[in-house]
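Engineer: Let me begin by handing over the structure; questions about it come next.
The values are calculated or read from the model by the stated rules, or taken from the named source; none is laboratory data. The shown structure was predicted, so the numbers you read here are calculated from the model rather than taken from an experiment. Here the Cβ positions follow ideal geometry from the backbone for every residue, glycine too, while neighbour counts run over all protein chains shown. Keep in mind that these areas ignore ligands, DNA and RNA; they rest on the heavy atoms of the full protein, side chains included. Shrake-Rupley method; radii C 1.70, N 1.55, O 1.52, S 1.80 Å.
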Amino acid sequence: MARKSALEEGILTDVAFYILASVVNKNHGYMIMKDIQDFTNNQITIGPASLYTTLKKLLEADCIERHKTNDENIKLYKITPKGHNILQKDIQRKEQMIAFARHFINEHKEATNNEQ
Amino acid sequence: MNNKYLINPGLAFAEDSLIKRLNTYAQKGWLLEKFTCGGTFLKLVKGQPTDAIYCMDSQKEVDQEYFQLFENAGWKHVFTGYDMYHFFQAPKGTATIYTDPITAKEKHSDIQAITGKGAFISGIILILAILLQITTLNTLPLLATIGFIIGFISLIVFIFCFMPWVAYKWKKH
């Protein structure tokens, strides 16, 4: 399936990226939602259905794992070594993309400054 | 008259318009309760008018965490039909349950797989039944009749599987 192999190649959707990062330390569903909302100043909200299906996919791809808690209703998630690897790869990939775009934007800025 | 019954338009085809209708009914005080007659109808009960909105998610094999996540986001569980159509209600203005296009599209892939398989299997049975009828029509009329009955049943199953499958395929584009 195309989705899984994209994950395997280390390409994460925005939602998967945010969720994976929020479970570097053990975290659970509601707090994952809140963490992302708080950090991005409510710019990024993840709907419950998107959250649930993405958690399922990440579990199936062995990028995160479940941990038991005392409360049966709360399921804790934590990133796996494999998930950590994929997250790192995707951070590098995204950093490269940003550096690339910034390079040309700065070039353009300099060019327009020189013309003035 | 405390109950109202809506015909289920088929969740593959008409989910959005159904939700709109449910919201309008809720504003008039008719609140969604559950499926009846195996999902042929949706039962509405008389209650307080509200501008709360509904949504539906199709998801197999959900657990308590699923409903907890929805409740945290403001969506109260109304009922679940066929173990996979989950109806929720939330105050007007609550954020949608799918916030990115990718997972939203995948919502249908489960049902698409089921209806696709169903259409395929019933289609094959239908063809075999027709062949059976053709070959035994003159020689073994009893078998031909059995073939006819099987064929008829599989035709109905086929239609019920094939049409949603096409609708979901078409929706993907």
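Per-residue answers, yes or no, for (1) out of contact with any Asp or Glu (no Cβ under 9 Å at 6 or more places or on another chain); (2) β-branched (Val, Ile, Thr); (3) open to solvent by 90 Å² or more (accessible area, probe 1.4 Å):
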residue	(1), (2), (3)
B:Ala90	yes, no, no
B:Ser109	yes, no, no
B:Gly118	yes, no, no
B:Gly123	yes, no, no
B:Ile134	yes, yes, yes
B:Leu143	yes, no, no
B:Ile149	yes, yes, yes
B:Val157	yes, yes, no
B:Phe162	yes, no, no
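Engineer: Among residues belonging to the stretch A:62-81 that are among the polar types (S, T, N, Q) and loosely packed, with under 14 Cβ neighbours inside 10 Å, point out the one that is nearest to the other protein chains (Cβ to nearest Cβ).
Structural biologist: Filtering the stretch A:62-81 for residues among the polar types (S, T, N, Q) gives A:69-70, A:73, A:80.
Retained after the next criterion (residues that are loosely packed, with under 14 Cβ neighbours inside 10 Å): A:69-70, A:73.
Numbers: A:Thr69: 12, A:Asn70: 15, A:Asn73: 6 Å.
Out of the qualifying residues, it is A:Asn73.
Engineer: What are the pairs, 6+ residues apart or on separate chains, where a residue within the stretch B:111-130 that is farther than 27 Å from B:Gln59 by Cβ has its Cβ under 6 Å from a residue that is in a helix (DSSP H, G or I) and modelled with pLDDT under 85?
Structural biologist: B:Ala129/B:Gly147
Engineer: I need the full set of residues from the stretch B:92-107 which are surrounded by fewer than 20 Cβ atoms within 10 Å (Cβ to Cβ), in contact (Cβ under 8 Å) with a residue 12 or more places away in the chain and within 9 Å of chain A (Cβ to nearest Cβ), in order please.
Structural biologist: B:Ala95, B:Thr96 - these are the residues of the stretch B:92-107 that are surrounded by fewer than 20 Cβ atoms within 10 Å (Cβ to Cβ), in contact (Cβ under 8 Å) with a residue 12 or more places away in the chain and within 9 Å of chain A (Cβ to nearest Cβ).
Engineer: Quick test of your reading of the structure: A:Asp35 fulfils all but one of (1) assigned to a helix (DSSP H, G or I); (2) closer than 24 Å to B:Lys60 by Cα; (3) more than 9 Å from every other protein chain (Cβ to nearest Cβ). Name the failing condition by number.
Structural biologist: Failing condition for A:Asp35: (2).
Engineer: Please specify each residue of the stretch B:98-113 satisfying the condition of being more than 20 Å from B:Phe13 (Cβ to Cβ) and in contact with a helix residue (DSSP H, G or I) (Cβ under 7 Å, 6 or more places away or on another chain). Full working, then the answer.
Structural biologist: Here is the first cut: in the stretch B:98-113, the residues more than 20 Å from B:Phe13 (Cβ to Cβ) are B:99-103.
Those that are more than 20 Å from B:Phe13 (Cβ to Cβ) and in contact with a helix residue (DSSP H, G or I) (Cβ under 7 Å, 6 or more places away or on another chain): B:Thr99, B:Asp100, B:Thr103.
Engineer: Residue by residue through the stretch B:132-143, note down the ones that are farther than 25 Å from B:Ala119 by Cβ and part of a helix (DSSP H, G or I).
Structural biologist: Listed by number, the residues that qualify are B:Thr136, B:Pro141, B:Leu142, B:Leu143.
Engineer: Examine the stretch B:57-74 for a residue that is within 21 Å of B:Lys20 (Cα to Cα), open to solvent by 30 Å² or more (accessible area, probe 1.4 Å), within 17 Å of the chain's Cα centre (by Cα) and of a type in the set (Val, Ile, Thr), and state whether such a residue exists.
Structural biologist: Within the stretch B:57-74, not a single residue is within 21 Å of B:Lys20 (Cα to Cα), open to solvent by 30 Å² or more (accessible area, probe 1.4 Å), within 17 Å of the chain's Cα centre (by Cα) and of a type in the set (Val, Ile, Thr).
Engineer: Please indicate, with yes or no, whether at least one residue in the stretch A:82-101 is within 25 Å of B:Lys60 (Cβ to Cβ), under 19 Å from the mean Cα position of the chain (by Cα) and within 14 Å of chain B (Cβ to nearest Cβ). Give the steps one after another, and end with the answer.
Structural biologist: Residues of the stretch A:82-101 within 25 Å of B:Lys60 (Cβ to Cβ): A:83.
Next, only the ones that are under 19 Å from the mean Cα position of the chain (by Cα) stay: A:83.
After this cut, where a residue has to be within 14 Å of chain B (Cβ to nearest Cβ) as well, the list is none.
Scanning the stretch A:82-101, I find no residue that is within 25 Å of B:Lys60 (Cβ to Cβ), under 19 Å from the mean Cα position of the chain (by Cα) and within 14 Å of chain B (Cβ to nearest Cβ), so the answer is no.
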